[in-house]
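Asks: I'd like to ask some things about the structure below.
The values are calculated or read from the model by the stated rules, or taken from the named source; none is laboratory data. Since the model is a prediction, treat every value here as computed from it, not as a measurement. In this analysis, Cβ positions are derived from the backbone assuming ideal geometry, glycine residues included, and neighbour counts consider all displayed protein chains.
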Amino acid sequence: MLRVWQRECLELALRKFKDNHRHFFCQATPGAGKTVLAATLASRLLQDDMVDLVLCFSPSLTVSDGIKRTFSYTLNCTFNGGLGSVGQSLTYQSIQFLNDEFWRTLRNRRVFVVFDEIHHCSGSDIENANVWGQQVLTKIQGLATYTLAMSGTPWRSDALPIVLGEYRDPEGQIFVDYQYTLKQAIADKVCRSPKLVLVDNEHLSVISDEKVESFSSILEMLKQTKTPYQSVINNQEAMEYLLGLGCKKLAELRSQSPNAGGLVVASSVQHAQTITKILSQKYSQTFSIVTYRHEEPLAEIERYRQNHTQWIVSVGMISEGTDIPRLQVCCHISAVKTELYFRQVLGRILRVNSTLKQEAWLFTFAEQSLIEFAERIEQDIPGSCAFIRTSKDMSIEPSFIKTQDFDLISRLSVEKSGQNFQWGKLTISPLTPSPKILGDELRLGKFKERVLSAFQ
């Protein structure tokens, strides 16, 4: 049974297609059920004899596999491009390797094309498009009968326009045909209301060449020294403390929802291995690990989805579109610090399921960008991610830039942001000394946490 927002979006898309419009853009918050919407829309187009075939493109094998399962169930076919199937789920990467026979079939049929997480494809034309965007513009745009573009985070970290996107002037905000916000999803009990915990440290010091510098916060240390953020996320004390917070929260949730799970987003394979040692040896946790170096990561993700293991540790394998509803806790310890990635990771723990305690907790460090991302999580398309065309002469190729006002964001009061802030303490057993990172030694003092409760 479709949710209210899915029915509204479905009917709006059908009306637009029947009015001879070929493209529809849906922005719905991560975890809202975009794939089910797309599969149901495909089913209606097939039933109404408006299309013959359905193609879905997505950014990864993990997402592509999830789409295949949903479309197979909804359309009651294998959806693998074989005999008896009405379509196929592919990755954007595969477009450039499809043979001539495939494109002849596309030209000779009425095809509905779904672009999931369309923000991975950039370009308003061939000149400013990335590889995936070029494939969409040159091989698919003119051949598809109807197209559906979907994204929970419709902007790009490199400040390029999204392929097939329309932008409003002069604001530079992307135009979407239908929007379903996180606030709406929480009110409808489709998504969980997130709590974001920013872990900071007081009285930390950096020792280099027998020189000692002391700081009152992680943010101050990063601003005033050349010490990189990697020194924080690779620090043994810092990792143990943040993971300890996550383990404590997961234990609370599992006391009422025994199948609740946690996700750790690591920065590298070696980093992930260190994290799994902390989880198992210090906190006696069970875990799965999925990285690009491990065999059959899709199978491992599926096993974790179905079993009762406490944690899954990932390097770039579980960021967007991966449906594991039992995930309720996330430890974000990645070196990737973009708002796009931050929101995609947060989306992994927002999807509501049938368990009793519907809470979502994300733990990360109080680094400047991450603080800002957390403070504006209630904005579905942040103003800082708008695109602005700038051209002094019509003959000059327009450029796209990202506007930012981090100072303004950081000064937002509690009342203006609509979020509740609390400072708390958590005592954890004595920790092991931190190792030397990149030639300097980082020594940590007392930890503290800032808790942001969104939409409350």
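Asks: One residue is enough: does region 71-86 have a residue meeting the conditions surrounded by fewer than 23 Cβ atoms within 10 Å (Cβ to Cβ), of a type in the set (Ser, Thr, Tyr), over 28 Å from ARG156 (Cβ atoms) and in contact with a Cys (Cβ under 6 Å, 6 or more places away or on another chain)?
Replies: First pass over region 71-86, keeping only residues surrounded by fewer than 23 Cβ atoms within 10 Å (Cβ to Cβ): 72-78, 80-86.
Subsequent filtering for residues that are of a type in the set (Ser, Thr, Tyr) retains 72-74, 78, 85.
Filter once more, keeping what is over 28 Å from ARG156 (Cβ atoms): 72-74, 78, 85.
Narrowing further to those that are in contact with a Cys (Cβ under 6 Å, 6 or more places away or on another chain): 85.
Looking for residues that are surrounded by fewer than 23 Cβ atoms within 10 Å (Cβ to Cβ), of a type in the set (Ser, Thr, Tyr), over 28 Å from ARG156 (Cβ atoms) and in contact with a Cys (Cβ under 6 Å, 6 or more places away or on another chain), one finds at least one in region 71-86, hence yes.
Asks: Still on this structure, please answer the following. Suppose we keep only residues that are more than 20 Å from PHE17 (Cα to Cα) and touching a helix residue (DSSP H, G or I) at 6+ places or on another chain (Cβ under 7 Å) within region 145-179. Which one would you say is modelled with the highest pLDDT?
Replies: So, considering only residues that are more than 20 Å from PHE17 (Cα to Cα) and touching a helix residue (DSSP H, G or I) at 6+ places or on another chain (Cβ under 7 Å), the one modelled with the highest pLDDT is ILE162.
Asks: Further question on the same structure: Test each condition in (1) within 14 Å of THR147 (Cβ to Cβ); (2) touching a helix residue (DSSP H, G or I) at 6+ places or on another chain (Cβ under 6 Å) for THR70 and report the one that comes out false.
Replies: For THR70, the failing item is (1).
Asks: Give LEU2, LEU10 a once-over and let me know the one that is within 25 Å of the chain's Cα centre (by Cα), assigned to a helix (DSSP H, G or I) and closer than 30 Å to GLU378 by Cα. Before you say what the answer is, go through the steps one by one.
Replies: On the way: LEU2 fails: assigned to a helix (DSSP H, G or I).
LEU10 is the lone residue from the list that is within 25 Å of the chain's Cα centre (by Cα), assigned to a helix (DSSP H, G or I) and closer than 30 Å to GLU378 by Cα.
Asks: Can you name the condition, by its number, that GLU127 falls short on among (1) assigned to a loop (DSSP other than H, G, I, E, B); (2) more than 30 Å from THR291 (Cβ to Cβ); (3) touching a residue at least 24 places away in the same chain (Cβ under 8 Å)?
Replies: (1)
Asks: List the residue pairs whose Cβ atoms are under 6 Å apart, where the first residue sits in region 38-51 and is outside any loop (DSSP other than H, G, I, E, B), the second is small (Gly, Ala, Ser), and the two are 6 or more positions apart or on different chains.
Replies: LEU41/ALA13
Asks: Test of understanding: among SER288, SER280, which residue is outside any helix (DSSP H, G or I) and either over 27 Å from PRO228 (Cα atoms) or among the small types (Gly, Ala, Ser) (or both)? Full working, then the answer.
Replies: Values: SER280 fails: outside any helix (DSSP H, G or I).
Going through SER288, SER280 in turn, just one is outside any helix (DSSP H, G or I) and either over 27 Å from PRO228 (Cα atoms) or among the small types (Gly, Ala, Ser) (or both): SER288.
Asks: Residues that are within 25 Å of the chain's Cα centre (by Cα), of a type outside the set (A, V, I, L, M) and on the phi < 0 side of the Ramachandran plot: does region 108-118 have at least one?
Replies: Going through region 108-118, the residues within 25 Å of the chain's Cα centre (by Cα) turn out to be 113-118.
When the remaining residues are screened for being of a type outside the set (A, V, I, L, M), the result is 115-117.
Those left that are additionally on the phi < 0 side of the Ramachandran plot: 115-116.
Yes; the residues of region 108-118 include at least one that is within 25 Å of the chain's Cα centre (by Cα), of a type outside the set (A, V, I, L, M) and on the phi < 0 side of the Ramachandran plot.
Asks: Okay, next question. Does region 257-272 include one or more residues that are without any contact (Cβ under 8 Å) to a residue 60 or more places away in the chain, in the same structural domain as TYR341 (by TED's automatic domain parsing) and closer than 26 Å to LYS448 by Cβ?
Replies: No.
Asks: Separate question: Collect the residues in region 1-44 that are surrounded by fewer than 21 Cβ atoms within 10 Å (Cβ to Cβ) and of a type in the set (A, V, I, L, M), keeping them in residue-number order.
Replies: If the condition is that a residue be surrounded by fewer than 21 Cβ atoms within 10 Å (Cβ to Cβ) and of a type in the set (A, V, I, L, M), then MET1, LEU2, VAL4, LEU10, LEU12, LEU14, VAL36 are the ones that fit.
Asks: In region 52-121, which strands (runs of 3 or more DSSP E) lie fully inside it and hold 2 or more residues that are of a type in the set (Phe, Trp, Tyr) and in the same structural domain as THR138 (by TED's automatic domain parsing)? Spell out the reasoning first.
Replies: On the way: elements: 53-58, 87-91, 111-115.
It comes to 111-115.
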